[in-house]
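Values quoted throughout were computed directly from the atomic coordinates according to the rules given, and no laboratory measurement underlies them. On a predicted model such as this, the values are computed, not experimentally measured, just so you know. For neighbour counting, all protein chains shown are included, and Cβ atoms are generated from backbone atoms with ideal geometry for every residue, glycine included.
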Amino acid sequence: MKKQFYKKIVISSLLCILLISIQYAQSIGRGGTTLTVLDMEYGAQPLGMGGAYVAAVDDVMSVQWNPGALMQIHQQEIGAIYQNLFAGSSFYHAGYAYPWYRHGVAATSISYVTSGNIIGIGLNQESLGSYSAYQAVWTVAFAQSLSLYQVQPWLRDFDIGAALKLINGHIYEYDAVSIGMDAGIRWEPHSLNVQFLKDFVFGLRIKHIIPPFAKYGETREFYPLNTQLGISYRVLYDTLILNADVGINWFRRELPNPRFGVEYFVYDVLKIRAGIKEKNLAFGLGLLIEDFQVDYALVWHNSLTRAENDNLGLMHQITAVYRFGDIIP
């Protein structure tokens, strides 16, 4: 009985550390589940725009943000993220995308969150040993344009994609494996010949359309269906991009979660970004040097509230993307 009690203490502590760590990274809740690597927001470029990115995404991070937007990739791409979180926790991510000529775009990625080593202490101050927790997700994705098929002209402006996920987690002495799937749609309405729509792009991400489910001992982990709808508007010869997204968590009965972001492209070299999501302000920079791009994001958590005990401070993230190979039209 005493051993089982200590197990519950250790498992609960590890879950709390992962929860607080990723809340520090994104400062949002998701809906009645244990927060994990699947809830991370990937990439300094979207973070710098407050997470308003479902319609604007056009790189290897499409796997996580909108699989349908993979069709915007015309060269092979690799991308990487590293981020220190909270209490020794770390987040790692690497992705690769391959445009398969006119057949579509295939991509894969691997993401990993670890709590680091934690020393367990019992009720009587006795040592319970060293423990750790981690979660990893391997994702494969594929996107196609409906223009490849004999459909109505307006449907040819749609790109669709799906991402299949394999999740493996370890907490204390328990392991869990599950699968899930996301889907995405990107729509750029050229065929409608409506003048005011020509600079708009629309995006839809359906996350956990096949919801993963895992169990660590007596602790259950469930990922509810949620959707994010986005719109992107390009002006000034595509140098200024205005984005707005709204997210809906179908597990919670709450108001939609809006996000707003802006990006300005300076001399084809520098990108300046700003955004807002809930109580958070975000800023970012991007530097393009030929086929290499590095992005930096700064998120000021709860900067729009005066609650001192609710302030998680500043979060930084750096992302690197490299493009190579033949350009596929």
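Peptide packing for 66-75, 320-329, 184-193 was compared via the average number of neighbouring C-beta atoms within 10 Å per residue; ordered from the highest value, the list is 66-75, 184-193, 320-329.
Net charge near K215, counting Lys/Arg +1 and Asp/Glu -1 over other residues with Cβ under 11 Å of its Cβ? Its environment carries a net charge of -2. The slack between R156 and I272, meaning 0.36 nm per residue of separation minus the straight C-alpha distance, is 38.5 nm. Work through the residues other than F324 whose Cβ is under 15 Å from its Cβ and net out their charges, Lys, Arg +1 and Asp, Glu -1. Once positives and negatives cancel, what remains is -4.
Remark: spin-label model distance A320-A80 equals 0.5 nm, labels positioned 7 Å along the Cα→Cβ axis.
Placing a pseudo-label 7 Å from each Cα along the Cα-to-Cβ vector at T239 and L192 gives an inter-label distance of 2.8 nm. Is there a pair in K207/K279; K198/K271; K207/K277; K215/K277 whose C-alpha atoms are over 25 Å apart, and which pairs would that be? Beyond 25 Å between Cα atoms: K215/K277. Taking every C-alpha pair closer than 8 Å and separated by at least 6 residues, the mean separation divided by the residue count of the stretch 157-217 gives a relative contact order of 37 percent.
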